[in-house]
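Every number here is computed from the coordinates shown, using simple stated rules; none is lab data. Note that this is a predicted model, so its numbers are computed, not measured. No Cβ is skipped: glycine too gets one built from the backbone with ideal geometry, and neighbour counts run over all protein chains shown.
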Ligand code: MG
Ligand code: MG
């Protein structure tokens, strides 16, 4: 599988784009005619620059409104084609993309189009060039790859072939089985794009909302598998028109693109009837069986405050690290680590972000395999020196530069807390709060990083993304999307903040970047937990009394239940499966907070309650007399 990307997919001047594309690891690049218009150089300069970056030009495009033209327009289109051929020879590429005609004056007729292509093939052959024909979903007469293939077949010329583009086929729900009967040598190149399912005009959808394979909702994997089953093992080229990408940073978007293709290739390689695709081998997506620990970096003062809050939540300090200023707090299955070291990564993270949950450990079946997969998909491995005899836990960089440690039971990694820590007795009087395990980890990111992290998690770990929901913050919209596995042992909510006046945006501004904004623990009895928390002096987030009138009416709750919820500031939600109870802490540090949830078969995350939680947090954060944030 050779990887390519169209220059239109990313932002910047041409040299900047090519640099990002080459660094991301692509083999080739599609050059658009506009690239010369914006760049101060001749086609041969562009060609040389591309090759200097170690890239190959996979095709030149676009050539529009070619087939089926009446005279005298027909003769003129051939003249135009000859000029494109001149440019291609200077560029140093042999493939021209012709997209299906959208001109209102064009004439229909498969044989007429086939005759035009035969003649174009003759002209291309004289110069050693090839022409690929692509059916646009909105082409005037040809808007289906099956018709385009029939034209190519009847053109019957070795220099004329077909170009398949996942968007044009999948957006129109054209049967992908039809691809399996196309001979592989007649597929000149394959263009790939995904897109979120939005009901809108095809042309507008295509030009503004395409995204990388795996980031949207189209069946790009099945489409690619159908192509691979023909034996095709040529270039797969990303052609992504997306306003956000064009306004974003070239490097991370190119890196996302490359990751999406490698991930796609890996999925297709595993499908039953594919044997020809050459894709780097890597272990399967890692199955996450739980959250091993969450680690905070803090200074001594904040660490003492945090320890106080943890004790009100029913946590006990269970151990201290043998060689570092690191404490371990436990309750049920939950392990929280507080790191106050003045050197190393935790300290560096504290210097930038302040007190924060900068690292988490995910329990997987094989940590080494999980690391190998992550690295194969372009993730950055992390390591720092450990003391003699201490466990070196494999890690990768995640959201906001934080760490994701990978631990397993098959090696000593699962026993790191016994090996590296000395147990201790926490003398404090603490009522057990029945917290059992981490329910979810909520990370806040800038909106334009959302797709990056969705792809990161779903490509490395066995998990799915849920549809995006909008959470209305009084100061703007926050987009929220969940990455979770079927068993619920991995649940990460990603919140994308568009502006810093929203609570999520404020969090990003205050903490100098993305990170874990809240941590939710699960209990089996929220009322018993609330009672224990009260005994421990826990300070819950105060929910407006108006909420309870609303929730009682909305769900027809027993007034007695409503009173209990209100007394303990518990939020309530219900879906088709069951009920959900939520209880929040006040914020700590730069806006971090804890959540406690009880799920009674409920699958969601209480999205309808978010607006009430945000309002309560904003009220709590606002000192008297200060303006609203
Ligand atoms: Mg295309
Ligand atoms: Mg939550």
Tilt of helix 344-353 relative to the longest C-alpha principal axis of the chain, in degrees (0 to 90, nearest 10)? 80
In degrees from 0 to 90, rounded to the nearest 10, what is the angle of the helix 145-155 Cα long axis to the longest principal axis of the chain? 20
What share of the DSSP beta bridges in the chain is antiparallel, in percent to the nearest 5? 55
Value of [θ]222 nm, deg cm²/dmol, for the chain, DSSP H segments ≥ 4, -39500 (n - 2.57) each, nearest 500: -10500 deg cm²/dmol
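Under the rule a/c < 1.5 gives rounded, and otherwise a/b versus b/c splits prolate from oblate, where does region 87-201 land using the Cα gyration tensor? It would help to have the intermediate numbers written out before the result.
Details: a/c = 1.63, a/b = 1.46, b/c = 1.12.
Taking the square roots of the gyration eigenvalues as a ≥ b ≥ c, region 87-201 is prolate.
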Using alpha carbon centroids, what distance separates region 563-596 and region 347-377, in Å? 28
Coordinate range along principal axes, alpha carbons of region 533-581, Å, largest first: 34, 23, 17
To test your reading of the geometry: what angle, between 0 and 90 degrees and rounded to tens, separates the Cα axis of helix 367-376 from the longest principal axis of the chain? 40
When a/c reaches 1.5 or more, the comparison of a/b and b/c decides; with that in mind, is region 521-613 rounded, prolate or oblate per its Cα gyration tensor? rounded
What number does region 435-621 give for Rg over Rh if you use C-alpha atoms and the Kirkwood radius? 0.95
Find how much the distance from residue 426 to residue 44 grows on full extension, using 0.36 nm per residue of separation minus their present alpha carbon separation; answer in nm with one decimal. 130.2 nm
Compute the distance from the alpha-carbon center of region 261-299 to that of region 3-17, in whole Å. 26
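Checking the a/c ratio against 1.5 first, then a/b against b/c, what shape does the Cα gyration tensor give for region 259-392?
On the way: a/c = 2.74, a/b = 2.25, b/c = 1.22.
Since a/c reaches 1.5 and a/b is larger than b/c, the shape of region 259-392 is classed as prolate.
Please report, in cubic angstrom per residue, the volume enclosed by the convex hull of the alpha-carbon atoms of the chain. Before the final figure, lay out the partial values.
Details: hull volume 110.4 nm³, N = 629.
It comes to 176 Å³ per residue, whole-number rounded.
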Quote the FRET efficiency, to the nearest 0.05, computed for residue 555 versus residue 185 with a Förster distance R0 of 51 Å and r equal to the Cβ-Cβ distance. 0.25
Antiparallel DSSP bridges in region 288-423: what percent, to the nearest 5? 75
Between region 183-242 and region 483-522, what's the alpha-carbon centroid distance in Å? 30
If region 2-269 were replaced by its equivalent ellipsoid, with semi-axes equal to the square roots of 5 times the Cα gyration tensor eigenvalues, what would those be, largest first, whole Å? 26, 23, 17
